[in-house]
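Just below is one structure, and these are the notes that go with it.
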Amino acid sequence: MKVVLGLLILGLVGVSFQAQLRLTVYYESLCPDSRRFIINQLYPTINLLGGVNNEFLEAEFVPYGKANTTFVNGTFEFVCQHGRNECLGNMIHGCALAKLAKNESAAYINCMMDSFNAPIDAEACAISLGLNYTRIGECYNNWEGPTILASAGIRTHDLVPTLYYVPWIVYNDVWRVEDMIGSEQNLMNVICQKLENSTRPTQCDQ
């Protein structure tokens, strides 16, 4: 898949709230395990805690996973684990993260993961949530979309240890296999354990 090179690499998500715990999820738009984690664990949990960036947790999405990026003749080329549509879906997710408010982009990503039909469901999810798809679509259809996806690729390929599974779940920039396995099974429980010696959400005592 060829796309035109942009003029700069853009970050996916800015930090505007100093939460106690930062959770970064490296995932793929058409990965069944990513879908299961986002719709069953991540999105319900961040809503319970008060949104993507709340007092306890800052959640960050990085859509790329086990993809590869090359730069040939002035264009980015992407190869994704689940095919071309996954590359397009990852790009749409990246554009949503760049163009929408954090809670809006999280709801949008959850919708797309639930319908699991990227990129076909991109506009329908925006409409169902009352969001303006124009900014996402413009990003996706010009140089900005592939540049954002390439930026996600740089972050993913720079991970230590190297990503070998998705969703790859990282807390405060530190990856532990126990955290990843536990988070897929019960994300709130892992968050509560990590906040054991600090102010914890009331959900931890229920």
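In the chain, the longest principal axis of the Cα atoms and the axis of helix 144-157 are about 50 degrees apart.
Normalised by 2.2 N^0.38 Å, with N the number of residues, the alpha-carbon radius of gyration of the stretch 38-158 equals 1.04.
From the largest down, the stretch 117-173 spans 38, 24, 21 angstrom on the principal axes of its Cα atoms. In terms of the mean number of neighbouring beta-carbon atoms within 10 Å, the peptides 180-192, 91-103, 41-53, 139-151 order highest first as 91-103, 139-151, 41-53, 180-192.
Looking at the stretch 8-117, the GluC sites (Glu not before Pro) that sit in a DSSP loop and have at most 15 other Cβ atoms within 10 Å of their own Cβ are Glu55. Sorting Asp114, Asp121, Asp205, Asp33 on solvent-accessible area from highest to lowest, probe radius 1.4 Å, gives Asp205, Asp114, Asp33, Asp121. Checking Cβ-Cβ separations below 4.7 Å across the chain identifies Cys31 as cysteines lacking any candidate disulfide partner.
When nucleic acids and ligands are ignored and a 1.4 Å probe is applied, Cys31 ends up with an accessible area of around 10 Å². Think of each Lys and Arg Cβ as +1 and each Asp and Glu Cβ as -1; about the Cα centre, that makes the dipole of the stretch 67-144 roughly 120 debye.
Computed across the chain, the Kirkwood hydrodynamic radius from all distinct Cα-Cα pairs reaches 17.1 Å. Ligands, DNA and RNA left out, the accessible area of the chain computed with a 1.4 Å probe is 50% carbon and sulfur.
Given a 1.4 angstrom probe, what's the average accessible area per residue across the stretch 101-164, in square angstrom?
Values: 3060 Å² over 64 residues.
With all protein chains present, the stretch 101-164 gives 48 Å² per residue.
The values are calculated or read from the model by the stated rules, or taken from the named source; none is laboratory data. Quick caveat, the model's predicted, so the values are computed rather than measured. Cβ atoms come from the backbone with ideal geometry, glycine included; neighbour counts cover every protein chain shown. The accessibility values were calculated without ligands, DNA or RNA, using every heavy atom of the protein model including side chains. Shrake-Rupley method; radii C 1.70, N 1.55, O 1.52, S 1.80 Å.
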